[in-house]
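Chemist: Structure below; questions to follow.
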Amino acid sequence: MSGADRYPLMFSPLDLGFTKLKNRILMGSMHTGLEDVKNGFERQAKFFADRARGGVGMIITGGIPPNEEAGGGSKLSTPEEAEQHRIVTTAVHAADPDVKIVMQILHTGPLAGTPKCVAPSPIRSRIGRYVPNELDAEGIEKQLNDFATCAALAKSAGYDGVEIIGSAGYLLSTFLVERTNQRTDEYGGSFENRMRFPVEVVRRVREAVGPDFIVVFRIAAMDMLEGGMAWDEVVTLGKAIETAGVTIVSTHFCWHEAPVPTIATMVPRAAFTQVTGRLRAELGVPLITSNRINMPAVAEQVLERGDADLVSMARPMLADPDLVKKAWEGREDEINTCIACNQACLDHTFTGKMTSCLVNPRACYETELVASTAETPQRVAVVGAGPAGLSYAVTAAQRGHKVTLIESGSEVGGQFNLAKRIPGKEEFEETLRYYRRMIQVLGIELRLNTRADAAGLKAEGFDQVVVATGISPRTPSVPGIDHPKVVSYIDAIMGRREIGQRVAIMGAGGIGFDVAELITHAGVSAALDVNVFAKEWGIDFKNHPRGGVTGVTPVVESSGREVTLMQRKADALGKTLGRTTGWTHRAVLQRRGVRMVGGVEYLGIDDQGLHVRIGGEDRTFEVDTVIVCAGQEPLRALYDDLIAQGVNASLVGGAFEAMELDAKRAIDQATRLAIAA
Ligand code: NAP
Ligand code: SF4
């Protein structure tokens, strides 16, 4: 059965009148860092051209500022700057002339990291660095002209269209809500006045580019902001920008400072598309929907429900540039699925690092991490089938090496087999599915339930042995650590030991938080049920109050366990969690009543409980269970044995360095090593 039969809607073209999109999947805009001229446009060109070859119908670039005060990266305001963009548009059209490339014009308004930043009113965003300069009439006119100039230059550079971002707390959206727009002139007050600037941007842009050019407007269909846009305002704005000349309306569900997760892995797949569907019923132009749509079957369901005309997948195109092509060829089980962890994409973006992807470290590094065919194929043994071993084995096999993957357990996956059991992390199973399938496709010899030893590996005569034996949980030297009430995090997560009603968790890293989530969880995982998710985060899809949020602190179901999460450091707990997701984990646990205690000295464990000293004062937590989540130690005895026996061996993942080990680092390191081998 062809892709067209399996996904008839996804693979149907969309006629825009003056041009046609070849299918319904687009790569949504992401700020990757590649837009910065200092990285050279060739790197960005290769990144997008790979995605064009991978089958998407349309690509929207990362945000390009129209002027200096817009912030965000390298601006486009002169013909010389436009000339450089030609490298990108030419590469994409050469890869596939039917793929459209649309440049996002991003004016970050009060979020621009420059003292020149502007906004309708001088109100500093909670996450902004500066109080923005209030735009006067002349300033508004300048911004409008700069948008129009930028769009015209994008057209001259060979783009097929532009996207104007009117959401997320960036300039246009700050005009739309009273909270950030307190003007008393014709740009403030009534909604008609507040939408004047965004609508005028669209009108000027259309005027500048003429009729046969795609103009997308990203609208905050639900901005998640208390006091945000009301539903009738969203519809009014949608109709006004339609009249002003947009080709496509793209729905967005975000305001960067709103305390509601909208793309993290705990958000159910396609959670927000129903809102796009409601807006689609009101407008005449095609609509794009987005957020947590990571597999072709999910996209097809969204289209079947009539929620949208087009589906945006942004991060899934980092994880797998060939996603659409694989769907077309019936190879869905070979898709390396985005697990919505944010660890190498958004967490990098928000800390000023180049974006990449945890499950695909080649993302944004396409020009330097080239997995070329090995000149001399070798026989390689990889010992340990956790994330590091799996990624090494797959990359090496893709390069033509003959790989044998040896695992002492009964299944592949290592620490990912723990992660996928945590409510909200169900997506991790997709990565395991991908690796299991790639082992078959690439003909990797998999030996499960097999403990490798140096002598045996040497006797088999492998050209090289890669040791990815991982870690063992650290056992802190605390009196009573062998008491029956002490449980390791592995046993707790795998459900091998009974967990009592009163629990102390020693260690508050990623795993301490995961364990706290698991043992306080009750009912269905919010990631699997939109209604549960909406209840947990105070979203009201039915009545759509302002911003879509109720403003009442949500009540979160809990197992009823009394849990204390602790660490020795005096810092706030959860500081090592992901930049863009850490706050969600802290919020959920706080709502479930989990106590978080720092600056703890562990004195001992006995029948009474866990004895600690905090701020010089001795205390006893009378608990039934103490779960140890105190980090890991590397397992590298095999490596030492191999070296002693003169075998060509290398170390990857947790076995190499267990401290603050994470899958991102393990997969990245293993992939790079396999590319260099
Ligand atoms: P971790 O992040 O290194 O945390 C270890 C915890 O154990 C710390 O809270 C540490 O705090 C404590 N600890 C260390 N040595 C100790 C000792 N001798 N006695 C008592 N406590 C000790 O390790 P992890 O939680 O096991 O996570 C492993 C990796 O997986 C990390 O890189 C983590 O980021 C990653 N991960 C991430 C997520 C996520 O949500 N992004 C989820 C799971 C895992 P004190 O030293 O202050 O006591
Ligand atoms: Fe998706 Fe995580 Fe990769 Fe980002 S880092 S694209 S969220 S899998």
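Chemist: Sort through 563, 647, 652, 626 and tell me the only one that's within 16 Å of ligand 1 (Cβ to nearest atom), closer than 30 Å to residue 405 by Cα and β-branched (Val, Ile, Thr).
Modeler: Matching residue, one of 563, 647, 652, 626: 652.
Chemist: Restricting to segment 317-341, and then to whatever is under 21 Å from residue 61 (Cβ atoms) and surrounded by fewer than 23 Cβ atoms within 10 Å (Cβ to Cβ), can you tell me which residue is nearest to ligand 2 (Cβ to nearest atom)?
Modeler: 322
Chemist: Which condition number in (1) closer than 30 Å to residue 610 by Cα; (2) within 14 Å of ligand 1 (Cβ to nearest atom); (3) not aliphatic (A, V, I, L, M) is the one that residue 580 fails?
Modeler: For residue 580, the failing item is (1).
Chemist: Mind listing just one residue for me: the one in segment 495-518 that is under 19 Å from residue 559 (Cα atoms), among the hydrophobic types (A, V, I, L, M, F, W, C) and within 15 Å of ligand 1 (Cβ to nearest atom) and, of those, surrounded by the fewest Cβ atoms within 10 Å (Cβ to Cβ)?
Modeler: Once the filter is applied, the top-ranked residue is 518.
Chemist: Here's a follow-up. State the number of residues belonging to segment 361-388 that are aliphatic (A, V, I, L, M) and either closer than 26 Å to residue 408 by Cβ or surrounded by 24 or more Cβ atoms within 10 Å (Cβ to Cβ) (or both).
Modeler: Total satisfying the criteria: 7.
Chemist: Does residue 572 count as surrounded by fewer than 20 Cβ atoms within 10 Å (Cβ to Cβ) and either within 13 Å of ligand 1 (Cβ to nearest atom) or outside any helix (DSSP H, G or I) (or both)?
Modeler: yes
Chemist: Looking at segment 542-552, can you tell me whether even one residue there is away from ligand 2 (no atom under 16 Å from the Cβ), farther than 30 Å from residue 279 by Cβ and buried (at least 17 other Cβ atoms within 10 Å of the Cβ)?
Modeler: No, segment 542-552 has no match at all.
Chemist: Can you find, within segment 297-316, the residue that is nearest to ligand 2 (Cβ to nearest atom) among those that are in contact with a strand residue (DSSP E or B) (Cβ under 8 Å, 6 or more places away or on another chain) and not in a loop (DSSP other than H, G, I, E, B)?
Modeler: Ranking the candidates gives 313 first.
Chemist: Got at least one residue in segment 553-573 being of a type outside the set (Phe, Trp, Tyr) and within 30 Å of residue 176 (Cβ to Cβ)?
Modeler: Keep residues of segment 553-573 that are of a type outside the set (Phe, Trp, Tyr), which gives 553-573.
Now narrow it down to the ones that are within 30 Å of residue 176 (Cβ to Cβ): 553-554.
Yes, segment 553-573 contains a residue that is of a type outside the set (Phe, Trp, Tyr) and within 30 Å of residue 176 (Cβ to Cβ).
Chemist: Ok, one more. Condition first: closer than 12 Å to residue 35 by Cβ and in contact with an Asp or Glu (Cβ under 6 Å, 6 or more places away or on another chain). Can you find one or more residues in segment 86-105 that meet it?
Modeler: Yes, segment 86-105 contains at least one residue that is closer than 12 Å to residue 35 by Cβ and in contact with an Asp or Glu (Cβ under 6 Å, 6 or more places away or on another chain).
Chemist: List every residue pair whose Cβ atoms sit under 8 Å apart, with the two residues 6 or more apart in sequence or on different chains, where the first one lies in segment 309-328 and is more than 17 Å from residue 92 (Cβ to Cβ) and the second, anywhere, is at pLDDT below 95 and among the β-branched types (Val, Ile, Thr).
Modeler: Short answer, once both residue conditions are applied: 315/263.
Chemist: What are the residues in segment 370-387 that are under 27 Å from residue 635 (Cβ atoms) and either of a type in the set (Val, Ile, Thr) or within 16 Å of ligand 2 (Cβ to nearest atom) (or both), if any?
Modeler: Hits for segment 370-387 are 380, 382, 383, 387.
Chemist: Still on this model: Output yes when any residue across segment 349-359 is under 18 Å from residue 288 (Cβ atoms) and of a type outside the set (Val, Ile, Thr), and no when none is.
Modeler: Checked segment 349-359: no residue is under 18 Å from residue 288 (Cβ atoms) and of a type outside the set (Val, Ile, Thr).
Chemist: A follow-up question, please. Given the residues 234, 285, which is the only one that is among the β-branched types (Val, Ile, Thr) and part of a loop (DSSP other than H, G, I, E, B)?
Modeler: 285
Chemist: Among the residues of segment 264-281, which ones are more than 17 Å from residue 542 (Cβ to Cβ), part of a loop (DSSP other than H, G, I, E, B) and either in contact with an Asp or Glu (Cβ under 6 Å, 6 or more places away or on another chain) or away from ligand 2 (no atom under 16 Å from the Cβ) (or both)?
Modeler: 265, the sole residue that qualifies.
The values are calculated or read from the model by the stated rules, or taken from the named source; none is laboratory data. All of these numbers come straight from a predicted model, not from anything done at the bench. Ideal geometry is used to build each Cβ from the backbone, glycine not excepted, and the neighbour counts take in all protein chains shown.
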